[in-house]
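Student: Just dropping this structure here.
FYI, it's all coordinate maths here, none of it is from the lab. Model, not experiment: these values are computed from the prediction. Cβ placement follows ideal geometry from the backbone for every residue including glycine, while neighbour counts extend to all protein chains displayed.
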Amino acid sequence: MYAVIKTGGKQLKVAAGDVIEVERLVTEGETVSFTPLLVVEDDGTVHAGSGAAKAVVTARPVGEKKGEKIRVFTYRPKTGYARRRGHRQIRTVLEVTEIALAPAPKRRTRAPAKDEAPAG
């Protein structure tokens, strides 16, 4: 079973047990749930749209780490002005614990009439 979630302006394909990095979300000890989802696949059945919007992906934070360094260089031509800077975004490491679909609505079945024989 996998799901496509949306977090931090990005879309990620996750499955139960995956470890993912997202932009800083929560501190240790809290759980995170992602909803609505874009796509959920369950044993070959793909749910999208309103079927996937009711599903929930639950994750627990494992820790935090710094992302890759981004180098920023600005200059102005003909003036001798140049400036170099760097930045490392702090990211939260999450472990996906569960992907749960919403329970299917119960369908009403028609009871056989008294004079009809049961099918089968």
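Student: Could you give the nm distance between label points at Val4 and Leu38, where each point is 7 Å from its Cα heading toward the beta carbon?
Tutor: Those two pseudo-labels are separated by 0.5 nm.
Student: Another question, then. Which residues does a label at Val46 reach in the range 1-27, if reach means a backbone N under 14 Å from a point 7 Å past the Cα toward the Cβ?
Tutor: Under cut-off, by backbone N: 2-4.
Student: Just from the alpha-carbon atoms, what are the Rg and Dmax of the range 2-100 in angstroms?
Tutor: Considering the range 2-100 through its Cα atoms, Rg and Dmax are 18.5, 63 Å.
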